[in-house]
1. Identify all residues within region 1-56 that are modelled with pLDDT under 95 and farther than 16 Å from Ser202 by Cα; write none if there are none.
2. Of all residues in region 75-87, how many are hydrophobic (A, V, I, L, M, F, W, C) and within 11 Å of Gly146 (Cα to Cα)?
3. What helices (runs of 4 or more DSSP H) completely inside region 32-110 contain at least 2 residues that are in contact (Cβ under 8 Å) with a residue 12 or more places away in the chain, within 27 Å of Thr240 (Cα to Cα) and in contact with a Gly (Cβ under 9 Å, 6 or more places away or on another chain)?
4. Go through region 166-206 and count every residue that is of a type in the set (Ser, Thr, Tyr), within 20 Å of Tyr76 (Cβ to Cβ) and in contact with a helix residue (DSSP H, G or I) (Cβ under 6 Å, 6 or more places away or on another chain).
5. Scan region 9-31 and report the pairs whose first residue is more than 20 Å from Thr174 (Cβ to Cβ) and of a type in the set (Ser, Thr, Tyr) and whose second residue is modelled with pLDDT of 95 or more and assigned to a helix (DSSP H, G or I), with Cβ atoms within less than 9 Å and a gap of 6+ or a chain change.
6. Given the conditions (1) among the acidic types (Asp, Glu); (2) at pLDDT below 95; (3) not in a helix (DSSP H, G or I), and given that Glu123 satisfies all but one, which numbered condition is not satisfied?
7. Among (1) over 21 Å from Arg302 (Cβ atoms); (2) in contact with a strand residue (DSSP E or B) (Cβ under 7 Å, 6 or more places away or on another chain), where does Thr240 come up short?
8. Give the number of residues within region 213-229 that are at negative phi and surrounded by fewer than 21 Cβ atoms within 10 Å (Cβ to Cβ).
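The values are calculated or read from the model by the stated rules, or taken from the named source; none is laboratory data. Remember, predicted model here, so these are calculated numbers, not experimental data. Cβ placement follows ideal geometry from the backbone for every residue including glycine, while neighbour counts extend to all protein chains displayed.
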Amino acid sequence: MRREKEKLFHELSKLTTEQRNPRSMNIDIASTGEILKIINDEDKTVPLAVEKELPYIEQAVEIIVKALKSGGRLLYFGAGTSGRLGVIDAAECPPTFGTDPEMIKGFIAGGNAAMFVAQEGAEDYPENGAKDVIKAKVTAKDVVCGIAASRRTPYVVGAVKKAKELGAATLFVTTNPRKDFDIEEVDVAICPYVGPEVIMGSTRMKSGTAQKLVLNMLTTAAMVRMGKVYENMMIDLQMTNQKLVERSKRIVMTITGVSYREAEEYLEKANGHVKTALVMILAKVNLEEAKRRLELAEGFVRKAIEMERVKENS
């Protein structure tokens, strides 16, 4: 047992995320304004670290799009802050992009309770991650993305390893250097190197910010590639609350130029489906024809509208 503890101690001591940041050594005697300046200066480095990983993020998006179009899923597995970020990203996709809640899901070590109260011991066992992968019925059609600032979190490593054994595509998001990653372990590793945290080991800070930026890119880019966006507006949102109902009307009005009342009427005819309403208005077709065009265009509104133009010019 002592030897295992010493091994863990040495593993952690080598991680970049566990080093001391020389730029925040005197934060304990700094004024409030100085503390905030130190944090803000460090946060500014995060987008630049993510920028260097864009080629790998692109590879990951292509894998995700291919899987989702083939009926597969994107499943996040993480612990602590990393796990919560995965759950949040997954939970925000259905209302934003109209996806099935089963298409993108997040799993956190310790289960749902860990979203609100830390379940620290739950991440220490790789078999817990493997069990959650099995419980999620992962298959070769799916993409499993591990999220762990340290890269070594047992729960996450166990989940990704089991997913790979089951034939799923595997991704990994970590904020330790790429040189420390055995690329054989996953299909794509995304490693924004943010350096030591302002507070040593507090990976909810720069590491968490970097992970959030990466996850935003993965799902947003994938949804754009799947026709969930027209120009730069979300057009597959679900009208599940009053704010989204009014946003839907505004989107229809902005794109088509119709009045508030007309937007409301078209959305009612389209059963609240913004895409269908847009095609009905812009292609000047009825409900059935709009649906047919969207199906042929694989959900892309521009293509569905262009079909009408092609027909007119032929």
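1. Met1, Arg2, Arg3, Glu4, Lys5, Glu6, Lys7, Leu8, Phe9, His10, Glu11
2. Selection size over region 75-87: 3.
3. 80-97
4. Looking only at that region, the number is 3.
5. The qualifying pairs are Ser24/Ile35; Ser24/Ile38; Ser24/Ile39; Ser24/Glu42.
6. All conditions pass for Glu123, except number (3).
7. Tallying (1) over 21 Å from Arg302 (Cβ atoms); (2) in contact with a strand residue (DSSP E or B) (Cβ under 7 Å, 6 or more places away or on another chain), Thr240 fails exactly one: (2).
8. Final tally of qualifying residues: 9.
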